[in-house]
Amino acid sequence: MRDINFIIIVPVYNAVKFLERAVASVISQKYDRRQLVLVDDGSTDGSSKLCERLSQENDSVHMIRQKNMGQISARANGIRYARIHLETEDTFYLFLDADDAFAPDAMERISQLISEKDCDLLVFGIEQQDAAGKTDRSMLGTFEGTVESRAELYRIVLFDYRYNSLCRKAVSASLIPDKDYADLYDFRHGEDLLQSYDYYKSSKKAVFTREIFYIYYTNEASVTNSLSVDSFQYGSQVRSAIWDAVAAENVWTENDLKKYSEYNCRLLRNKIMALCVTDASINSGSLQKTTAMTESSSCFIKESIGS
């Protein structure tokens, strides 16, 4: 077994109700070669004081503060702190949302798989759980195995939105670029895919397992937010940016690019349909904005597939 050092980055914004559960899921792991970085993103609900207390109670928990700039900024600053103070020769990063948790013994098993497969990227299963304790394993993903071709990796992860989340990945420090993502700070949706793309692009060997190591707790606020007009706008921008990046790499065939454009078309259409049945879009301003974005997205799709 390799002596892998895990660094877990946790953006924290007004998560005082859930944070202790998230932290407990890390410090209760039998695997002790891990450091937890809590990044308080300008919380106003007492999360900051809780982060401070948790860091004082456990030597493996660290806290940094920043003004409210969003999750992608918090992760970037957490990585920056870890690179200076916590990284060792064989470090892998894990990402945890403040209202979620790792499964028991997740890190020991993740370490075993990384050692056995000698990979630089591990993608694992997520289980959703609601407030009533009902579980949903639809986020597992379909692929299981090892991928060493970048073109094939893209075919797996870019055609399945379930792989977008950073929270289902163990990422070698060698894959993480020295990048602050400042141009994405305003994004509140889709930023995980943009960051993940950087890691996919650098990976030499990615391993996928359907074993569940992460528990995603759903709540009404997150569901409503995911159906907002802004989420549609950001999602469209992200998909367009990824399409441009993959096309520029020239690792896919024209048929791959056409299929990816068609896949994006289906995602956008489904998002529009979801917006039409939620209160989030039932006002004239939102409807006008949605219509404009729909026309813009349609132009992108037509240009992409050459129709």
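Across region 3-31, the number of residues qualifying as in a loop (DSSP other than H, G, I, E, B) and under 10 Å from ALA98 (Cβ atoms) comes to 6. Within region 143-165, being over 22 Å from LEU113 (Cα atoms) and either assigned to a loop (DSSP other than H, G, I, E, B) or modelled with pLDDT under 95 (or both) holds for LEU158, PHE159, ASP160, TYR161. Within region 32-59, restricting attention to residues that are assigned to a loop (DSSP other than H, G, I, E, B) and polar (S, T, N, Q), the residue that is surrounded by the most Cβ atoms within 10 Å (Cβ to Cβ) is SER43.
Mind listing just one residue for me: the one in region 95-134 that is modelled with pLDDT of 95 or more, within 26 Å of GLY46 (Cβ to Cβ) and among the hydrophobic types (A, V, I, L, M, F, W, C) and, of those, surrounded by the most Cβ atoms within 10 Å (Cβ to Cβ)? Among those that are modelled with pLDDT of 95 or more, within 26 Å of GLY46 (Cβ to Cβ) and among the hydrophobic types (A, V, I, L, M, F, W, C), it is ALA98. Scanning region 80-92 for residues that are touching an Asp or Glu at 6+ places or on another chain (Cβ under 9 Å) and more than 21 Å from SER48 (Cα to Cα) yields a total of 5. If only one of PHE92, PHE6 is farther than 30 Å from ALA131 by Cα and either buried (at least 23 other Cβ atoms within 10 Å of the Cβ) or among the aromatic types (Phe, Trp, Tyr) (or both), which one is it? Criteria check complete, one pass: PHE92. Please tell me if GLU87 is closer than 21 Å to ASP198 by Cβ, charged (D, E, K, R) and surrounded by 15 or more Cβ atoms within 10 Å (Cβ to Cβ). Spelling it out, GLU87 is indeed closer than 21 Å to ASP198 by Cβ, charged (D, E, K, R) and surrounded by 15 or more Cβ atoms within 10 Å (Cβ to Cβ). Tallying residues that are of a type in the set (A, V, I, L, M), more than 19 Å from ASP192 (Cβ to Cβ) and under 19 Å from the mean Cα position of the chain (by Cα) within region 1-28 yields 3.
The values are calculated or read from the model by the stated rules, or taken from the named source; none is laboratory data. If you're wondering where the values come from, they're calculated on a predicted model, not measured in any experiment. Every residue, glycine as well, gets a Cβ built from its backbone with ideal geometry; the counts of neighbours run over all protein chains shown.
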